[in-house]
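*Asks:* Just dropping this structure here.
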Amino acid sequence: MNKGPENKKEIHVSEEEIAKQYQYMNSIKEANAQCEMQTGRKKLAFLQSFGCQMNENDSERLWGMLSEMGYGEGKNSEESDVIIFNTCCVRENAEEKVYGHLGALKKQKMDNQEKIIAICGCMMQQGHVVEHIKKKYRHVDIVFGTHNLYRFPELLNKAVNTRSAVIDVDESAGSIVEGLPIERKDSIKAWVTVMYGCNNFCSYCIVPYVRGRERSRSIEDIVDEIAELGQNNFMEVTLLGQNVNSYGKDFAGNVSFAELLSEINKVEGIERIRFMTSHPKDLTEDIILAMRDSKKVCEHLHLPIQAGSTRILSEMNRKYTKEDYLNLIGRIKEKIPGISLTTDIIVGYPGETEEDFEETLDVLRKVRFDFAYTFLYSRRTGTPAAKSEDQVSEKVKKSRFERLLGVQNKISKEINDTLLGTTEEILVEGLSKNSIWNYTGRTRTNKIVNFKGSKELVGKLVKVKITDIQTWSLEGEVISW
């Protein structure tokens with residue numbers, strides 16, 4: 001079995017470079033320990049992550065490095081010595097939130113010049129954003145991007161010792177980094193990135209420009225990481241990539257995502273496997289069969305359609321038609337009966353007519369998604385769609401958005417209604433956010449279920465009878481574990 005690319009040395013950050021970063025981590029750790037001895041106070045860090053699950057996984061790597069350097073976790077920015085914003089640029093409102101938070105930190109920096117403010121992530125891979133921060137937010141100490149996250153210890157060391165701004169954004173196509181520490185914020189479920197970047201260049205999307213070209217981790221490295229999770233009592237892994245179905249296409253040999261799923265299915269200790277995100281044009285028959293035949297792969301698929309109109313899909317550069325998508329869904333349902341399906345939909349893409357929008361509603365009714373993540377089109381500088389003069393008005397976008405929610409919410413409730421009285425296997429995740437008595441978990445089909453329980457159930461697979469139905473969640477009672 002070919003487990004990795006022939007050009008591993010070219011796309012992987014060297015072991016020597018990672019060793020150098022550990023030296024910086026040790027140096028800062030020693031300085032922090034000495035400071036704690038003198039002041040009686042441990043150095044604290046505050047990290048806020050915006051955006052997708054890959055950003056969350058990146059933040060876990062940052063926390064791993066921070067912990068290695070001796071930082072504790074601050075409850076807020078005020079009490080923390082290091083503040084990091086890990087940013088997203090997929091939608092405008094995420095960027096505006098970041099700018100708002102940065103502005104609020106200006107007084108904190110004036111009051112404490114030793115406080116270090118860092119900003120990283122996808123936003124920083126855009127030149128105009130970096131220039132904006134340099135001009136308007138001069139209290140920011142460190143700016144770095146997605147491709148050189150591994151160099152954070154070196155950048156922090158430089159900022160602390162020179163007391164000058166450090167801007168380091170790698171504009172290459174990206175690389176793969178192994179061997180960094182990681183501190184996971186969940187002890188039951190884990191994110192595992194299997195590939196980075198995207199080659200699709202959908203006309204509305206900034207991701208290929210900020211995350212780089214597709215780069216797959218080796219099967220060996222992925223399986224080793226997941227095996228360690230299994231040994232540490234993690235029950236579920238979610239495989240991450242901008243387009244996981246393209247996994248292995250950058251390798252010299254014949255390695256596929258279907259093969260990866262089959263290998264992970266053999267890992268002891270792990271009971272559930274999920275993955276996201278899939279691209280319809282790359283979801284091949286062997287992946288469908290691997291999902292069906294790998295008992296640990298959950299019966300849930302997130303398959304973004306983005307729009308129901310073939311004309312709009314062509315404008316989006318999605319490389320499939322409405323009919324292609326519906327045929328694919330038909331094959332999936334035939335091979336995996338009872339599978340739950342979720343999707344992403346963009347409302348108000350430039351040039352979208354009422355007829356185009358009706359095609360999207362038609363897809364909702366025909367596919368009957370369990371849930372749809374719906375977004376108003378957001379103009380992204382640097383993408384082809386942003387240059388279109390045929391922008392849909394905010395009023396029309398919001399009206400269509402509400403109509404779409406009305407159709408989808410009804411479908412979601414009808415699907416959930418069919419589960420009343422059934423018994424479902426639930427992975428118990430912990431206390432519900434809104435209760436000190438109710439616990440929460442998910443079915444294999446990714447339905448949220450709330451029920452009365454006790455802390456010894458956390459991390460276990462239990463049988464729960466569904467007793468009540470909500471649009472977004474289910475209520476139940478534990479019958480066995």
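The values are calculated or read from the model by the stated rules, or taken from the named source; none is laboratory data. None of these values were measured; they are calculated from a predicted model. Here Cβ is always computed from backbone atoms with ideal geometry, including for glycine, and neighbour counts include all displayed protein chains.
*Asks:* Would you please list the contacts, defined by Cβ atoms under 6 Å and residues six or more apart or on different chains, that run from a residue in the range 51-74 that is in a loop (DSSP other than H, G, I, E, B) to a residue that is modelled with pLDDT of 95 or more and not aliphatic (A, V, I, L, M)?
*Replies:* Going by the 6 Å Cβ cut-off, the qualifying pairs are Met69/Lys29; Gly70/Lys29; Gly70/Asn32; Tyr71/Lys43; Gly74/Phe46; Gly74/Ser80.
*Asks:* Also, quick follow-up: Within the range 23-55, restricting attention to residues that are surrounded by fewer than 17 Cβ atoms within 10 Å (Cβ to Cβ) and under 29 Å from the mean Cα position of the chain (by Cα), which residue is modelled with the lowest pLDDT?
*Replies:* Gln53
*Asks:* If Gln231 satisfies every condition in (1) surrounded by fewer than 16 Cβ atoms within 10 Å (Cβ to Cβ); (2) farther than 16 Å from Trp191 by Cα but one, which is the exception?
*Replies:* (2)
*Asks:* Restricting the first residue to the range 96-107 and requiring it to be in a helix (DSSP H, G or I), which pairs with a second residue that is buried (at least 17 other Cβ atoms within 10 Å of the Cβ) and of a type in the set (A, V, I, L, M) meet a Cβ separation below 8 Å and a spacing of at least six or different chains?
*Replies:* Matching pairs, first to second residue: Val98/Ile119; Val98/Met123; Leu102/Ile117; Leu102/Ile119; Leu102/Ile133; Leu102/Val140.
*Asks:* Here's a check for you: in the range 154-172, which residue that is acidic (Asp, Glu) and touching a Lys or Arg at 6+ places or on another chain (Cβ under 8 Å) is surrounded by the most Cβ atoms within 10 Å (Cβ to Cβ)? Even if it seems obvious, please write down each step before you answer.
*Replies:* Pass one, the range 154-172, residues acidic (Asp, Glu): 154, 168, 170-171.
Checking which are touching a Lys or Arg at 6+ places or on another chain (Cβ under 8 Å) leaves us with 154, 168.
Details: Glu154: 21, Asp168: 16.
Among those residues, the one meeting the criterion is Glu154.
*Asks:* From the residues in the range 97-109 that are of a type in the set (Lys, Arg) and at pLDDT 90 or above, which one is surrounded by the fewest Cβ atoms within 10 Å (Cβ to Cβ)? I'd like the intermediate steps shown before the answer.
*Replies:* Kept after step one, since they are of a type in the set (Lys, Arg), are these residues of the range 97-109: 97, 106-107, 109.
In the following step, the residues that additionally are at pLDDT 90 or above were identified as 106-107, 109.
Numbers: Lys106: 14, Lys107: 10, Lys109: 18.
Selected residue: Lys107.
*Asks:* Condition first: within 25 Å of Asp186 (Cβ to Cβ) and at pLDDT below 95. Can you find one or more residues in the range 124-137 that meet it?
*Replies:* If we filter the range 124-137 for residues that are within 25 Å of Asp186 (Cβ to Cβ), which is where we start, we get none.
No, the conditions are met nowhere in the range 124-137.
*Asks:* Looking at the range 110-148, which of its residues are touching a residue at least 60 places away in the same chain (Cβ under 8 Å), buried (at least 22 other Cβ atoms within 10 Å of the Cβ) and part of a loop (DSSP other than H, G, I, E, B)?
*Replies:* Gly145, Thr146, His147
*Asks:* May I pose another question? Applying the selection to the range 397-416, what residues are more than 30 Å from Asp468 (Cβ to Cβ), surrounded by 15 or more Cβ atoms within 10 Å (Cβ to Cβ) and either out of contact with any Gly (no Cβ under 6 Å at 6 or more places or on another chain) or modelled with pLDDT under 95 (or both)? Let's see the steps before the verdict.
*Replies:* Here is the first cut: in the range 397-416, the residues more than 30 Å from Asp468 (Cβ to Cβ) are 397-400.
Filter once more, so that each one left must be surrounded by 15 or more Cβ atoms within 10 Å (Cβ to Cβ): 397, 400.
Of everything in the range 397-416, just one residue is more than 30 Å from Asp468 (Cβ to Cβ), surrounded by 15 or more Cβ atoms within 10 Å (Cβ to Cβ) and either out of contact with any Gly (no Cβ under 6 Å at 6 or more places or on another chain) or modelled with pLDDT under 95 (or both), namely Arg400.
*Asks:* In contact with a helix residue (DSSP H, G or I) (Cβ under 8 Å, 6 or more places away or on another chain) and modelled with pLDDT of 95 or more: does that describe Val462? Steps first, answer last, please.
*Replies:* Details: in contact with a helix residue (DSSP H, G or I) (Cβ under 8 Å, 6 or more places away or on another chain): no; modelled with pLDDT of 95 or more: yes.
The answer is no for Val462.
*Asks:* Under the condition of being over 16 Å from the mean Cα position of the chain (by Cα) and outside any loop (DSSP other than H, G, I, E, B), which residue from the range 179-215 is nearest to Lys460 (Cα to Cα)?
*Replies:* Result: Arg215.
*Asks:* Quick check on the range 56-81: of everything there that is within 16 Å of Ser27 (Cα to Cα) and among the hydrophobic types (A, V, I, L, M, F, W, C), which residue is farthest from the chain's Cα centre (by Cα)? Steps first, answer last, please.
*Replies:* Keep residues of the range 56-81 that are within 16 Å of Ser27 (Cα to Cα), which gives 64-71.
Filter once more, so that each one left must be among the hydrophobic types (A, V, I, L, M, F, W, C): 65-66, 69.
Details: Met65: 20, Leu66: 21, Met69: 25 Å.
Filtering first and then ranking leaves Met69.
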